[in-house]
1. So for the pair residue 165, residue 214, with labels modelled 7 Å out along Cα→Cβ, what separation do we get in nm?
2. Sort 70-78, 58-66, 43-51 for me by packing, meaning the mean count of neighbouring Cβ atoms within 10 Å per residue, highest on top.
3. What does the highest-first list of 176-182, 28-34 look like by mean Cβ count within 10 Å?
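We did not get these values from a lab; they are worked out from the coordinates using the rules stated. Note that this is a predicted model, so its numbers are computed, not measured. Heads up, the Cβs are rebuilt from the backbone with ideal geometry, glycines too, and the neighbour counts pull from every protein chain shown.
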């Protein structure tokens, strides 16, 4: 019930949820953000520099995360929405920052290669110790900022125009995995709980990845296909031409 209500972030931090559903906390964080952000965005867009306002919000959220880690302990600081939405905020800042740039600035080459933020992101994931102070105070901000810089770098027109990086990111296996990524995330954790207890590390990773992708493919072509059809019908009904809308209002 906690998972279906998208309360796993607070449920796990405060009273716990079944271990095989533990990974649902991040989905709850996202859903809570989707409820709050639309209420804040109109007011932010009225500001002269909305990107700066969101950057200030990110810094405040990161400071609150550090305080929560010291005051409440790593368990609460890791799962709760109020201490984990900073990572989504940095993405919102990037979108608004790009929105404020003119066309020339958007297309300008960056002074760094995508390899640098990519390497920083990998280092943040590899060397952060679970539940440690350096993970919350250094690795998480480094990962968030590196991810934003990496997105900025790989979406440059100069990068998308060609080259090995554009070709790699556009490869059919990666784009297919991107389509299935939500399902892969949902399935991988309960499968990993079984494989890591019954197999050595390498076979466990191979079996978990293979089964997760297979189940995600089945989900994409069954349950998720129904949801996509419903969405398409809703979008088609919502897309009423302006002149028809005026006629409906007049009558």
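1. According to this spin-label approximation, the distance is 3.6 nm.
2. Numbers: 70-78: 15.4, 58-66: 17.2, 43-51: 12.8.
For the peptides 70-78, 58-66, 43-51, the packing ranking is 58-66, 70-78, 43-51.
3. Working: 176-182: 13.9, 28-34: 17.7.
By packing density, highest mean first, the sequence is 28-34, 176-182.
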